[in-house]
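The values are calculated or read from the model by the stated rules, or taken from the named source; none is laboratory data. Fair warning: this is a prediction, and the values are worked out from it, not measured in the lab. Positions of Cβ are backbone-derived with ideal geometry, glycine not excepted, and every protein chain shown enters the neighbour counts.
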Ligand SMILES: [Zn+2]
């Protein structure tokens, strides 16, 4: 891909234009991201993600996904709240469709009607209803997070995160904790939008063969009235915690005992692209492969979440349905990690080669929404002060 990185000197907006060189590549991608590190667990990044798409100065879209998916030729349409940033991606193969959806998305993020219409906050965040003579809290995000936190694994991972990142942005839940979402106000949402959805804090990736001039014209049109932030949001990074920490949490009594084990891995800005891929390969080999030592040694159900989409990567494993006590399971896990460092048998040439082949295949495979995947890799470094191509360059060589 040919790349052009631009910074708007007037409003500070960051733009990356990638032009696919493959003549058969015919999908165009737009993905705009904002750094939105949470300062509490009221779910403001999540409420903002929902609310800006509800209504904007130039477009009135009460149900944008439904309308756009019915009236456009999009091949991908989404919005997402990560732990420390928020994204608004879409893809299409039609040029006019690309400009049309681009206008809707740009107007939504930079000129939403949340500043004039507090009903949007109430609908998406929370409001009271009278149900069966009782006053009850409702709201799209509130209900979504109530559902998410009815899952005991989600409760556990959140507890582990709050321990591992006790002084960092990641100790807060960007999606919102139900008991804290109800404390948020329309004013909080307005202030959050003003601070985080400023042009200086916006990072736009365009992967298309369409003329850049036309794309920039639309960007200029919809950022004219946008906020320009004086303060850039700061992602609070967590210093390494050396000692082992343990926490107990309870969900409902009927559920099985589960045991979660979290490790901080690396900071995105301190690893090379090669080390980053090596971490991916190791995670796959050690935790995820059918031959994983953990799976055979612990019994029960063992799964891991390897999260590297934020400034600081972590891995969290969950064990349930095992006959081992927590202390025994902890000991087994520690022994396996120690053994892996000292005993080269497990990480032998053949198992690593098989795993690398699998990765190589996935990297080379031309999939749908390739542009979205590239934008995600770009954001991993670009949003956090690194270069846009640190993790998006597929030519990283791994040797074993
Ligand atoms: Zn949501």
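Considering only region 62-79, I want to know if a residue exists there that is within 16 Å of the ligand (Cβ to nearest atom), under 26 Å from residue 180 (Cα atoms) and crowded, with 22+ Cβ neighbours inside 10 Å. No - not one qualifying residue is present in region 62-79.
For region 123-139, residues that are more than 27 Å from residue 203 (Cα to Cα) and within 16 Å of the ligand (Cβ to nearest atom) total 4. Is it the case that region 156-164 has a residue that's within 18 Å of residue 180 (Cα to Cα), more than 16 Å from the ligand (Cβ to nearest atom) and in contact with a helix residue (DSSP H, G or I) (Cβ under 7 Å, 6 or more places away or on another chain)? Looking through region 156-164, at least one residue is within 18 Å of residue 180 (Cα to Cα), more than 16 Å from the ligand (Cβ to nearest atom) and in contact with a helix residue (DSSP H, G or I) (Cβ under 7 Å, 6 or more places away or on another chain).
All conditions in (1) under 23 Å from the mean Cα position of the chain (by Cα); (2) crowded, with 18+ Cβ neighbours inside 10 Å; (3) without any contact (Cβ under 8 Å) to a residue 12 or more places away in the chain hold for residue 292, with the sole exception of (1). Quick check, is residue 60 part of a loop (DSSP other than H, G, I, E, B) and touching a residue at least 40 places away in the same chain (Cβ under 8 Å)? So residue 60 fails the test. For region 24-53, enumerate the residues that are over 17 Å from the mean Cα position of the chain (by Cα) and away from the ligand (no atom under 15 Å from the Cβ). The answer is 24, 25, 26, 27, 28, 29, 40. Scanning region 90-103 for residues that are over 14 Å from residue 220 (Cα atoms) and in contact (Cβ under 8 Å) with a residue 24 or more places away in the chain yields 90, 91, 92, 93, 95, 97, 98, 100, 101. Restricting region 7-20 to residues that are modelled with pLDDT of 90 or more and touching a strand residue (DSSP E or B) at 6+ places or on another chain (Cβ under 7 Å), the residue that is surrounded by the fewest Cβ atoms within 10 Å (Cβ to Cβ) is 19. Looking across region 195-220, the residues that are part of a helix (DSSP H, G or I) and either touching a strand residue (DSSP E or B) at 6+ places or on another chain (Cβ under 8 Å) or without any contact (Cβ under 8 Å) to a residue 60 or more places away in the chain (or both) come down to 195, 196, 201, 212, 213, 215, 216, 217, 219, 220.
Filtered by the rule that a residue be modelled with pLDDT of 95 or more and over 19 Å from residue 60 (Cα atoms), region 128-146 gives 139, 141, 142, 143, 144, 145, 146.
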